[in-house]
Amino acid sequence: MSVVFALWLRQIKRHFRSRTRLIGSLGQPVLFLLALGFGLGPMFRKAGEGDYLQFLAPGVIAMPILFVAVFSGMEIIWDRQFGFLKETLVAPVSRIQIVLGRVLGGATVAWFQGCLVFLICVIFGFRINNILFLPLALGVMFLLAIFCSAMGTAVASLLEDIQGFQMMMNFLVMPLFFLSNALFPLKGVPPVLRVVIQLNPLSYGIDGLRCCLTGGMLHGLGVDMGVLLVLITAMLALCTWLFSLIQL
Amino acid sequence: MIKVSGLIKDYGTIRAVDNVSFDVAKGSVFAFLGPNGAGKTTLIKMLTTILRPTGGTMRVNGHDPVDDPDEVRRTFGIVFQDPSHDEQLTAYENMDLHGVLYAVPSVERKRKIRELLEFVDLWGRQGDIVKNFSGGMKRRLEIARALLHEPRVLFLDEPTLGLDPQTRHHMWAYIKGLNKDKGVTIFFTTHYMDEAERIAHDVAVIDHGKIVARGAPVDIIKQTGSSSLEDAFIALTGHDIREEEGTTSDRVRLKRAFWRRR
Ligand SMILES: Nc1ncnc2c1ncn2[C@@H]1O[C@H](COP(=O)(O)OP(=O)(O)O)[C@@H](O)[C@H]1O
Ligand SMILES: [Mg+2]
């Protein structure tokens with residue numbers, strides 16, 4: 001356990017020592033809030049869908065969680081480049097402990113960034129239905145963060161250099177975000193896209209958040225959390241396996 | 001302590017380690033001597049469980065690095081050729097994390113970290129982020145870290161590369177002491193002939209992935225009728241170890257080796 005904690009703590013320290021990381025991940029969500037939230041808001045209302053900000057906020061909160069968690073998971077590539085990976089690989093500890101430490105560390109910082117964006121949303125006028133559900137919402141955010149961090153770690157275990165990173169952003173992270181229920185409701189969406197969105201793990205996190213914060217859900221909180229838990233278990237197993245295959 | 005037999009490692013079409021066999025006695029100081037690109041790092045990586053061999057067998061302290069990696073990992077400490085610390089953490093934090101990974105109890109950990117950082121002259125800088133350290137300081141930190149869990153075998157991959165003569169001298173004195181007082185088996189690679197000659201009980205000379213000579217430095221010198229290990233190396237391989245230095249010449253040599261093999 002102390003091994004997991006020590007590796008977790010390492011990620012936390014690295015994150016909070018870098019001001020660029022703390023602030024960098026806030027830019028995009030704020031841009032989305034401003035451009036989409038206020039730009040598309042009137043149209044959304046005209047279409048009879050209500051207040052767009054109320055709809056958009058959970059999606060925007062999921063954004064830094066996805067990006068930061070995947071990025072933290074992908075730090076393996078940097079650790080490979082700068083050498084620290086060797087230090088963990090030769091250590092007499094199970095690969096599960098190393099993976100758990102890394103994944104939870106990445107998830108924690110992503111969750112924290114998600115909380116900051118949550119606050120920003122509230123400042124911009126986002127209102128939650130029932131404050132009692134707030135802890136549950138924070139829990140859903142953390143589950144989503146664990147999944148994304150594990151996913152980043154799994155993919156990064158396969159990549160040998162930083163070049164792979166851009167590809168990962170373009171072919172995994174961006175599609176996951178845009179082909180989810182983050183930005184638009186599913187009503188009237190073409191069936192193919194609908195299926196894609198429903199297969200997208202991120203959608204369950206965002207839906208879970210909507211359940212807790214504003215209602216207006218797709219699956220219900222039980223289904224969302226259940227799916228996330230199953231996905232996390234599977235992804236952690238995959239991740240540990242891929243990590244144990246790493247050679248230097 | 002270390003037993004290697006028929007070890008092979010291929011990287012694609014390149015045979016980096018070619019049918020290598022040797023033994024390292026418990027409590028001895030063993031040097032792997034060879035030019036850049038000879039296969040020294042590849043060999044150490046296989047012994048230390050982070051690279052799987054293409055063929056052959058290995059034993060470290062009686063355990064197989066492939067089948068029983070955790071047992072092997074418990075027995076050794078390593079200073080890699082390239083840095084392997086976390087640049088964003090302080091020297092102390094790097095040491096502390098290492099102590100946790102190797103389950104060094106916390107009271108002892110504190111005491112030993114201080115002792116080792118004092119030894120490598122980094123106590124006083126223990127709270128500084130490693131990123132701001134000079135190359136020599138980083139290397140000293142790695143050496144201190146490798147000793148924290150009191151390993152039975154210490155692997156050192158070109159440990160003195162980039163160190164000034166004074167630190168180099170200081171370091172070897174400590175390592176020899178470690179070997180003598182605590183019986184730690186030392187396995188190091190180098191392309192400095194004089195270092196191998198002075199420090200090692202036993203030497204294996206490796207060139208192009210193959211062992212070309214083995215034994216005590218004096219014996220190798222005697223067998224080849226040379227006056228130093230440096231001359232012995234030329235006698236054995238037909239070339240000077242220093243002409244192989246540097247990455248460009250390494251690449252040229254690789255091409256040559258490639259064409260030779262065809
Ligand atoms: N990951 C790798 N992929 C392909 N070739 C490699 C790799 N690592 C090392 N080599 C090659 O294997 C040979 C031995 O390298 P290395 O073990 O690093 O030598 P040394 O440590 O003695 O300088 C060199 O020709 C090197 O180019
Ligand atoms: Mg080397």
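The values are calculated or read from the model by the stated rules, or taken from the named source; none is laboratory data. It should be emphasised that the depicted structure is a prediction, and the values quoted were computed from it without experimental measurement. Heads up, the Cβs are rebuilt from the backbone with ideal geometry, glycines too, and the neighbour counts pull from every protein chain shown. The area values use the complete protein model at the heavy-atom level, side chains included, leaving out ligands, DNA and RNA. Shrake-Rupley method; radii C 1.70, N 1.55, O 1.52, S 1.80 Å.
One residue is enough: does the stretch B:50-65 have a residue meeting the conditions within 16 Å of ligand 2 (Cβ to nearest atom) and small (G, A, S)? No. Of all residues in the stretch B:66-97, which are open to solvent by less than 10 Å² (accessible area, probe 1.4 Å) and more than 10 Å from chain A (Cβ to nearest Cβ)? Of everything in the stretch B:66-97, those that are open to solvent by less than 10 Å² (accessible area, probe 1.4 Å) and more than 10 Å from chain A (Cβ to nearest Cβ) turn out to be B:V79, B:A91, B:M95. Scanning the stretch B:22-55 for residues that are closer than 21 Å to A:I246 by Cα and more than 15 Å from ligand 1 (Cβ to nearest atom) turns up B:T49, B:G55.
Being at negative phi and open to solvent by 50 Å² or more (accessible area, probe 1.4 Å) is the filter here; which residues of the stretch B:47-65 pass it? Step through it out loud before you land on a result.
In the first step, residues of the stretch B:47-65 are kept if they are at negative phi; the result is B:47-48, B:50-55, B:57-60, B:63-65.
B:R52, B:T54, B:T57, B:R59, B:H63 - these are the residues of the stretch B:47-65 that are at negative phi and open to solvent by 50 Å² or more (accessible area, probe 1.4 Å).
Filtered by the rule that a residue be open to solvent by 70 Å² or more (accessible area, probe 1.4 Å) and either closer than 19 Å to A:L36 by Cα or touching a residue at least 12 places away in the same chain (Cβ under 8 Å) (or both), the stretch A:183-215 gives a lone residue, A:K187. Being among the polar types (S, T, N, Q) and more than 14 Å from every other protein chain (Cβ to nearest Cβ) is the filter; apply it to the stretch A:51-108 and report the residue that is surrounded by the fewest Cβ atoms within 10 Å (Cβ to Cβ). Among those that are among the polar types (S, T, N, Q) and more than 14 Å from every other protein chain (Cβ to nearest Cβ), it is A:T108. Considering the stretch B:191-211, and only residues there that are surrounded by fewer than 19 Cβ atoms within 10 Å (Cβ to Cβ) and among the charged types (D, E, K, R), the residue that is farthest from ligand 1 (Cβ to nearest atom) turns out to be B:R198.
Looking at the stretch B:43-58 only, could you name the residues that are assigned to a loop (DSSP other than H, G, I, E, B) and at the interface with chain A (Cβ under 10 Å from one of its Cβ atoms)? Hits for the stretch B:43-58 are B:T48, B:T49, B:I50, B:L51, B:R52.
I'd like to check something: does the stretch A:118-137 contain any residue that is on the phi > 0 side of the Ramachandran plot and more than 14 Å from chain B (Cβ to nearest Cβ)?
So the first thing to find is which residues in the stretch A:118-137 are on the phi > 0 side of the Ramachandran plot, and the list is A:125.
Within this subset, residues satisfying the condition of being more than 14 Å from chain B (Cβ to nearest Cβ) are A:125.
Checking the stretch A:118-137: at least one residue is on the phi > 0 side of the Ramachandran plot and more than 14 Å from chain B (Cβ to nearest Cβ).
Within the stretch B:31-48, residues that are without any contact (Cβ under 8 Å) to a residue 24 or more places away in the chain have Cβ atoms under 6 Å from residues that are more than 8 Å from ligand 2 (Cβ to nearest atom) in these pairs: B:K45/B:L51, counting only partners at least 6 apart in sequence or on another chain. Of the strands (runs of 3 or more DSSP E) lying entirely inside the stretch B:155-262, those containing at least 3 residues that are touching a Leu at 6+ places or on another chain (Cβ under 9 Å) and at pLDDT 80 or above span B:185-190, B:202-207. Out of A:A156, A:A145, one residue alone is closer than 19 Å to A:C121 by Cβ, small (G, A, S), touching a helix residue (DSSP H, G or I) at 6+ places or on another chain (Cβ under 6 Å) and open to solvent by less than 60 Å² (accessible area, probe 1.4 Å). It is A:A145. Taken over the stretch A:1-24, the residue count meeting the criterion of being at the interface with chain B (Cβ under 8 Å from one of its Cβ atoms) and either touching a His at 6+ places or on another chain (Cβ under 9 Å) or outside any helix (DSSP H, G or I) (or both) is 2.
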